[in-house]
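Quick notes on the structure that follows.
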Protein chains: 2
Amino acid sequence: MLVTEQNDINFTQSDQRINELLHALREIADLEALQALTDWDQQTGMPAGAGEVRSYQAATLQGLIHERWTSPRLGKLLTELESVIEQSPFTNADRGLVRQARRVYDRSTKLPRQLVEEMERARVISHEAWVQARAHNDFASFAPHLERLIGYQREVADHIGYRENRYDALLDLYEPGLTTREVERLFAPVRDISISLLKRIQASGKKINTSFLQGDFSEAQQKLLAEKLLKNIGYDLVRGQIAISAHPFTTSMGSPQDVRLTVRYSDYLPMSMMAALHEGGHALYEQGSASSLLRTPVAGGASMGMHESQSRLWENAIGRSEAFWRGQYHLVQEVFPQSFQQVSVTDFARALNHVEASLIRVEADEVTYNLHIIIRFELEQAMVNGKVAVEDLPRLWNEKYRTYLGVEPDSDANGVLQDVHWTSGFGYFPSYTLGNLYGAQIYSTLRRNFADFDQRLASGETAFILDWLRERIYTFGAIYQPAELLQHVTGEAANPQHFVQYVTEKFSKIYEL
Amino acid sequence: MLVTEQNDINFTQSDQRINELLHALREIADLEALQALTDWDQQTGMPAGAGEVRSYQAATLQGLIHERWTSPRLGKLLTELESVIEQSPFTNADRGLVRQARRVYDRSTKLPRQLVEEMERARVISHEAWVQARAHNDFASFAPHLERLIGYQREVADHIGYRENRYDALLDLYEPGLTTREVERLFAPVRDISISLLKRIQASGKKINTSFLQGDFSEAQQKLLAEKLLKNIGYDLVRGQIAISAHPFTTSMGSPQDVRLTVRYSDYLPMSMMAALHEGGHALYEQGSASSLLRTPVAGGASMGMHESQSRLWENAIGRSEAFWRGQYHLVQEVFPQSFQQVSVTDFARALNHVEASLIRVEADEVTYNLHIIIRFELEQAMVNGKVAVEDLPRLWNEKYRTYLGVEPDSDANGVLQDVHWTSGFGYFPSYTLGNLYGAQIYSTLRRNFADFDQRLASGETAFILDWLRERIYTFGAIYQPAELLQHVTGEAANPQHFVQYVTEKFSKIYEL
């Protein structure tokens, strides 16, 4: 079992090689933090006209970072360290550091610079093509771009290497060690329970009232509510900042000392409120890294899936539970007295769990969300492996929506063209569902550990959860691999049954199935 | 006479050495833009707890920039170019580029790295000491820091070199080619007219009503007014952004494409409104650089003094004139109808020109402002030249305030300790008054060029002024030295009589002297 011991979070600075490695990685961390800052600035305030000059700055920075990640001296140092790292006096922190550095070093050296640059150009161009194709509901104009993007993804996979399935190389970029076979094993029960639960909910004929979530909520008041909720779950604003952007995101500027998030506002209150809890989950994870990991590639999260597990845990398992709102609903009523004085906490919490099969992934509830992901996973791995032709994609997409969700896109814009992700790469989508599975598994352990979980939550407490997560997960950053961390924290390997059980119990109760 | 010809703003890219120089300077410009971005972030939104990690990022960036500015290859290239740069086919832009690069190269190579690092540490430590000393009105605790800072400034001057006066080396850092002797020549008539005007104004017994400038002006409305005024004078928000910071400033992220400014809000309306026009002047200058100068050290302003001339021109000569407000006052009345419906434009403009001898530089009017600067100039050059001991400073400071302004500081906190500048270096203060002199000289030329200047301004037009300034000054960035530029634009060398005449006429009229 992991506990926060010196061995787990401290580097062996007495070793000259570890010291040299840290020196090199810290400079890189500073440059990557500047990269995060330019990105933050670009999404939260940069003048529209500054795009050209910013692209030069980004390229200069990217060049310096790439130079450092491909330095032969770094490669030699890693090889030297790998031959001794399992022995004394090296710590788990040292081992994690070398492993993470090796991952990025390999990725940086294995991919030819020319391919990376071509892909970056293709990303920019195909993003613009996607925007146009979506606006005009014209898949045919995007198809040649998608074809080229798939070609690049295959090249990437071939350069990186894989054992069984070309798609494994892409999965590994986001979730170290993950394979297509493992994703299929994990996703199968999720697909089955989601389809069957959705059918039972639809058959129940029960309708949940959500009308009060829509209204004339001022931006200033929504911001105030988001801030109060974030403070209550333990987000530290002395080391954070909340801003507005078109798409909510969380970013850490190289350290737990500077972890910022964004939300967006609309007349549908959960848009900002639940985004705050979701990004808050990411932010708590980032702020929780041990300070000894500052300016190293093991500060932050263990993987995209582990990161998503924490945003989903705080947003859904905790943030959509009635117990949580019993402790926090007074904030909503204080900030918007006219809109919520007449709404009970039970009705409020239930409205946040309204289930409806829809065409759009980002609006999906906990029952249907994973079906959107599974469709994307099935199609993208088939494309990478040459089993699905781009021209057949819209038809297959619509078929899967009909089969899994019982709805069929009225247009490609609301179908195969709805997500931007493919312009940036393949292999990312599964992280979302992995996050839901890891999250449910960790949540189940949490509840076992605290017999009075709901009572404490209902009394307004959340610190006991944060403390527990920090001690067992957050403090370690990326020192441990996600599978290892999950095993240590929950006592078993990734097991989709926790999600199956969680979603079944929760929605059977809400929909009285 | 300068006109915007190809020769003035284009580099000879066909020359391989110019091309290599541009390549090197553009990478540096990108890194310096990132430095400007970190600074902007730090002053407008960075979490308070991120100070430590940001200091590492800043040091890494500073190290990369210093490495590039001291590269032997750059030095060799500059020497090669200097031997041919006056000949064909080289342009004025090429010559300006080489000159500006040489300035920074020399400064970077002449100052030992150790001295620069020690000074940076001294700056941080003495800034903290200054904050404490000012809070506790305790000059004695700051004195040893000031002693050390002066020592560093002497070392800097000795490394850089000078002909006549050690202080000249420091002046040159901010105003290329400026000497103590020249400052004395320029400042003498300014000191005399300021002292005599102030006495005549005080003797007149006339009081100007300013009460309506104080009030409960909401921040959102002040922001709206600042934005409207800035738009009206031609500040381009597509290439700009307005934020809040403790001390208003303007910064350009390496290009006319990204020029941002800040203001601050209080219950005294001019605090935000006039800061907007002042920073707006700086911003118009920065946004006006020819796009061919992008990512080079000749984008931006010719010197600190020339920059200040533009902020002062827009803030004071234009922005505190009745003619300007005849064209813009409706904005103030629209944004704050209750406060200003009963105030005439004449009374409003007059209130902005209220003269009062005070202890605090940043609150000073156009008549007394330069006296604050002259006192600082006289004392700091005497300190650098060892003619004034630190221990005598408070006494001398107070004496000068009594003699020049007829007021005496009630405390060192409001006296010798009021400005932060000395912790960052000496030689900067004169730029402020130089700006006032250059500004008045350019303003006088402007008025000669447009017989209907006041009428056009009163009708709400300002574009004719901006166009004229852009064509003659802004577009050239730092290609020409400030003295050369001033000569070309106004037809004569720096001449303080323009300021003397401007300030005498303006305040004789306002105070009916």
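The values are calculated or read from the model by the stated rules, or taken from the named source; none is laboratory data. Predicted model only: the values in this text are computed from it and were never measured. Quick reminder, even Gly has a Cβ in these numbers, built from the backbone with ideal geometry, and neighbours come from all protein chains shown.
Can you tell me which residue in segment A:25-41 is farthest from the other protein chains (Cβ to nearest Cβ), limited to those that are of a type in the set (A, V, I, L, M) and crowded, with 18+ Cβ neighbours inside 10 Å? By that ranking, first place goes to A:Leu25. Condition first: within 22 Å of A:Gly386 (Cα to Cα) and among the basic types (Lys, Arg). Now tell me which residues in segment A:156-207 satisfy that. Within segment A:156-207, A:Arg163, A:Arg166, A:Arg181, A:Arg185 meet the criteria. Here A:Tyr268 passes the criteria (1) over 26 Å from A:Trp325 (Cβ atoms); (2) of a type outside the set (Gly, Ala, Ser); (3) touching a strand residue (DSSP E or B) at 6+ places or on another chain (Cβ under 6 Å) except the one numbered (1).
Residue count for segment A:239-275, restricted to those that are in contact with a Pro (Cβ under 9 Å, 6 or more places away or on another chain), within 18 Å of A:Gly288 (Cβ to Cβ) and not in a loop (DSSP other than H, G, I, E, B): 6. Among the residues that make up segment A:212-224, is at least one of them without any contact (Cβ under 8 Å) to a residue 60 or more places away in the chain, within 19 Å of A:Gln310 (Cβ to Cβ), in contact with a helix residue (DSSP H, G or I) (Cβ under 8 Å, 6 or more places away or on another chain) and within 14 Å of chain B (Cβ to nearest Cβ)? No - not one qualifying residue is present in segment A:212-224. Within segment B:427-437, the set of residues being among the hydroxyl-bearing types (Ser, Thr, Tyr) and under 18 Å from B:Thr504 (Cβ atoms) comprises B:Thr433 only.
Could you tell me which of the residues B:Asp192, B:Asp168 is free of Cβ contacts under 8 Å to residues at least 40 places away in the same chain and crowded, with 20+ Cβ neighbours inside 10 Å? That would be B:Asp168, the only listed residue that is free of Cβ contacts under 8 Å to residues at least 40 places away in the same chain and crowded, with 20+ Cβ neighbours inside 10 Å. Would you mind stating whether A:Glu505 is over 26 Å from A:Ser303 (Cβ atoms), out of contact with any helix residue (DSSP H, G or I) (no Cβ under 8 Å at 6 or more places or on another chain) and not in a loop (DSSP other than H, G, I, E, B)? Taking the combined requirement at face value, the residue satisfies it. If you filter segment A:237-258 down to residues that are in contact with a strand residue (DSSP E or B) (Cβ under 8 Å, 6 or more places away or on another chain), at the interface with chain B (Cβ under 8 Å from one of its Cβ atoms) and among the hydrophobic types (A, V, I, L, M, F, W, C), you find that the one that is farthest from B:Ala50 (Cα to Cα) is A:Ala243. Given the condition within 29 Å of A:His307 (Cα to Cα) and either surrounded by fewer than 19 Cβ atoms within 10 Å (Cβ to Cβ) or not acidic (Asp, Glu) (or both), answer yes or no: does some residue in segment A:204-211 qualify? No - not one qualifying residue is present in segment A:204-211.
Kindly evaluate B:Leu331 against the criterion of being buried (at least 18 other Cβ atoms within 10 Å of the Cβ), in contact with a Pro (Cβ under 9 Å, 6 or more places away or on another chain) and farther than 24 Å from B:Asp8 by Cβ. For B:Leu331, the condition - buried (at least 18 other Cβ atoms within 10 Å of the Cβ), in contact with a Pro (Cβ under 9 Å, 6 or more places away or on another chain) and farther than 24 Å from B:Asp8 by Cβ - is not met. Among the residues of segment B:110-120, those identified as more than 25 Å from the chain's Cα centre (by Cα) and assigned to a helix (DSSP H, G or I) are B:Lys110, B:Arg113, B:Gln114, B:Leu115, B:Glu117, B:Glu118.
Checked against (1) within 14 Å of chain A (Cβ to nearest Cβ); (2) among the basic types (Lys, Arg); (3) surrounded by fewer than 17 Cβ atoms within 10 Å (Cβ to Cβ), B:Arg185 meets all criteria but (1).
Annotation note: Cβ proximity below 6 Å between a residue of segment A:12-32 that is within 25 Å of B:Ala50 (Cβ to Cβ) and a residue that is among the aromatic types (Phe, Trp, Tyr) and assigned to a helix (DSSP H, G or I) (sequence gap 6+ or interchain) occurs for A:Asp30/B:Tyr56.
The sole residue among A:Ser204, A:Ser211 that is at pLDDT 95 or above and in contact with a Phe, Trp or Tyr (Cβ under 6 Å, 6 or more places away or on another chain) is A:Ser204.
Quick check: anything in segment A:258-271 touching a Leu at 6+ places or on another chain (Cβ under 7 Å) and either surrounded by fewer than 21 Cβ atoms within 10 Å (Cβ to Cβ) or not assigned by TED's automatic domain parsing to the domain that holds A:Val367 (or both)? The answer is yes, given that some residue of segment A:258-271 is touching a Leu at 6+ places or on another chain (Cβ under 7 Å) and either surrounded by fewer than 21 Cβ atoms within 10 Å (Cβ to Cβ) or not assigned by TED's automatic domain parsing to the domain that holds A:Val367 (or both).
In segment A:12-24, the qualifying residues are those that are in contact with a helix residue (DSSP H, G or I) (Cβ under 7 Å, 6 or more places away or on another chain) and either among the aliphatic types (A, V, I, L, M) or closer than 30 Å to B:Gly240 by Cα (or both), and the one that is farthest from the other protein chains (Cβ to nearest Cβ) is A:Ile18. A residue that is of a type in the set (Ser, Thr, Tyr), under 21 Å from A:Pro256 (Cβ atoms) and at pLDDT 95 or above occurs nowhere in segment A:482-492. If the Cβ limit is 9 Å and pairs must be 6+ apart or interchain, which residue in segment A:397-409 that is farther than 16 Å from A:Gln202 by Cα pairs with which residue that is loosely packed, with under 13 Cβ neighbours inside 10 Å and of a type in the set (S, T, N, Q)? Within 9 Å, no pair qualifies.
Go through the residues of segment A:73-87 one by one and say whether even a single one is out of contact with any helix residue (DSSP H, G or I) (no Cβ under 9 Å at 6 or more places or on another chain) and basic (Lys, Arg). Within segment A:73-87 (the criterion being out of contact with any helix residue (DSSP H, G or I) (no Cβ under 9 Å at 6 or more places or on another chain) and basic (Lys, Arg)), the answer is yes, since at least one residue qualifies. On the stretch given as segment B:42-63, residues that are surrounded by fewer than 22 Cβ atoms within 10 Å (Cβ to Cβ), within 24 Å of A:Ala50 (Cα to Cα), facing chain A (nearest Cβ under 8 Å) and out of contact with any helix residue (DSSP H, G or I) (no Cβ under 6 Å at 6 or more places or on another chain) total 2. When B:Val84 is tested against (1) free of Cβ contacts under 8 Å to residues at least 12 places away in the same chain; (2) more than 14 Å from every other protein chain (Cβ to nearest Cβ); (3) of a type in the set (A, V, I, L, M); (4) in contact with a Lys or Arg (Cβ under 7 Å, 6 or more places away or on another chain), exactly one condition is not met: (4).
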